[in-house]
Amino acid sequence: MTREHDRRQFIKVAGSAGVLGLTGLAGCSGDGGDGGSDGGDGGSDGGSDGSDGGSTGDGGSGESNVLRLGGSMSLSGDNADLGQLYKDAYELTIQRINESGGVEAGDGNTYELEMVLRDDGTDASASKSIYQELIDRENIDYLLGPYSSTVTLPASAVAAQNGKPMVEGGGASPEIFSQGNEWIFGLLPTANKYAKSYIDMCLAQDSAPESIAILAEDGTFSQSTAEGARNKISNTDLELVVDETFPSDTSDLSTNLGKVREQGADILLLCAHQKHNIILANQMESQNVNVDAAMGTVGSLNESFKNEVGPNGDYMYGPSSWAVNANFDDPVFGNTQNFVSAIEENYDYTPDYHSAAAEGVILTFMNAFQQVDELGPTPVRNQIRNSDFSSVYGNVAFDDSGVIDKNMLVYQWQPDPGLQITYPENVAQSDPLYPMPDWSER
């Protein structure tokens, strides 16, 4: 099956420009939900307690037994490459569920899944408006979170205010889960964990580093990542010799990299997204900035990153909450490797942890629908709290704050054989190529 075939099957125009409704099978629906008595006023169309839980009516179309999932995603803007990974995994997972007969819910009925996914342009204000409109006008009760912590944090507040469960695989700032919000669930380890394994890996090398530089963009996620790294560093013998913040819209890191070179930092941590990883790799080469190790926290493992920077991306590290060579049991694809093959066959790229987390988002809702006796935002939210199931992403269970408990793996782009897990040792595919060769030696 080709990607174009999938797109013809899945995509339909849903009313306004730039809006896509994605579904594995035809159908639409939507009574209002119960609104969630402890989540706020329920929104203008959130319904009142005692409704049927919403998203299962005919929505005026004559179709019934459809559960609708809705959300915003970065399908344009700075994070569009990553947003596409979520969209692809969402729609493929929904297709497989519907082709297998749909969801046999705990209320005794079988439902198809439908998704309404709108482009937020990687803009927090646009995302908030989209979620409110999905709730008020589309009668969506079950929310798929957006990408990036800066967008997810305000979007999660909309979910809480309207009493709608939101499951997300794209926001990792601890701030999202420290607001007392009982309606948000996240499948990424929190950002403060992203750099810890990288630092541990470097310190485990024979020629362990003595100093480190941190360059962090000024977004919510990246600042949380940097703070977690600082806390980790404070418990080691590493000296933090550069600690710089730069604006998210910058296209030039030369001044920051000049400080890294001047201070002679042994290792470098870039707390940023793919755009700045590309800038870093190219400007490290052009400015002859040599370090023993360099890691970018988000986007440095994507094929689109490596295609953009070419050999300049060799030896770069990146964290991941998932290993593409894992093989967890999964109720939709059978196991992880079947999912990997399906993504490769349908979309012509190898999935990364964003893709696997997206599949886990859909399965979190599916599992909750299967377990509850009565559908509706509040019972589904309560069931999500008790999640404990296997997916292509691994085991999915949430702590009291709503975040999954996972540690990060460390990957490295090696000239041959390519992207390799290098830490921790018990799952490593290859030893880290440490220290990185100087640019003059490449």
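The values are calculated or read from the model by the stated rules, or taken from the named source; none is laboratory data. Since we're looking at a predicted model, the values are computed, not measured. We place every Cβ from the backbone using ideal geometry, glycine too, and count neighbours over all the protein chains shown.
Which residues, taken from the range 250-259, are of a type in the set (S, T, N, Q) and buried (at least 17 other Cβ atoms within 10 Å of the Cβ)?
N256
Scanning for something assigned to a loop (DSSP other than H, G, I, E, B) and surrounded by fewer than 23 Cβ atoms within 10 Å (Cβ to Cβ), does the range 261-277 turn up at least one residue?
Yes: one or more hits.
Across the range 129-150, what is the total count of residues that are surrounded by fewer than 21 Cβ atoms within 10 Å (Cβ to Cβ) and either under 14 Å from S76 (Cα atoms) or charged (D, E, K, R) (or both)?
The total comes to 3.
Quick one: count up the residues across the range 406-442 that are among the acidic types (D, E) and within 16 Å of P311 (Cα to Cα).
Matching residues across the range 406-442 total 3.
Say whether the condition of being at pLDDT 95 or above and either on the phi > 0 side of the Ramachandran plot or assigned by TED's automatic domain parsing to the domain that holds Y198 (or both) is met by at least one residue in the range 351-373.
no
Residue by residue through the range 104-127, note down the ones that are of a type outside the set (G, A, S) and buried (at least 21 other Cβ atoms within 10 Å of the Cβ).
Listed by number, the residues that qualify are Y111, E112, L113, E114, M115, V116, L117, R118, D119, D120, T122.
Take the range 101-156 and flag every residue that is in a loop (DSSP other than H, G, I, E, B), under 29 Å from A226 (Cα atoms) and out of contact with any strand residue (DSSP E or B) (no Cβ under 8 Å at 6 or more places or on another chain).
G121, T122, D123, S148
How many residues are within 14 Å of the chain's Cα centre (by Cα), modelled with pLDDT under 95 and either among the hydroxyl-bearing types (S, T, Y) or not in a loop (DSSP other than H, G, I, E, B) (or both) when one looks only at the range 175-193?
2
Could you check how many residues of the range 151-174 are buried (at least 24 other Cβ atoms within 10 Å of the Cβ) and either within 15 Å of F221 (Cα to Cα) or not assigned by TED's automatic domain parsing to the domain that holds A368 (or both)?
Residues in the range 151-174 being buried (at least 24 other Cβ atoms within 10 Å of the Cβ) and either within 15 Å of F221 (Cα to Cα) or not assigned by TED's automatic domain parsing to the domain that holds A368 (or both): 10 in total.
Exactly one condition in (1) crowded, with 16+ Cβ neighbours inside 10 Å; (2) in a strand (DSSP E or B) is not met by A229; state its number.
Tallying (1) crowded, with 16+ Cβ neighbours inside 10 Å; (2) in a strand (DSSP E or B), A229 fails exactly one: (2).
Taking the stated definitions as given, is D88 under 30 Å from G299 (Cβ atoms), touching a helix residue (DSSP H, G or I) at 6+ places or on another chain (Cβ under 8 Å), at pLDDT 50 or above and assigned to a loop (DSSP other than H, G, I, E, B)?
No: the conditions fail for D88.
Would you confirm whether any residue within the range 234-249 is among the charged types (D, E, K, R), buried (at least 20 other Cβ atoms within 10 Å of the Cβ) and either without any contact (Cβ under 8 Å) to a residue 40 or more places away in the chain or assigned to a strand (DSSP E or B) (or both)?
no
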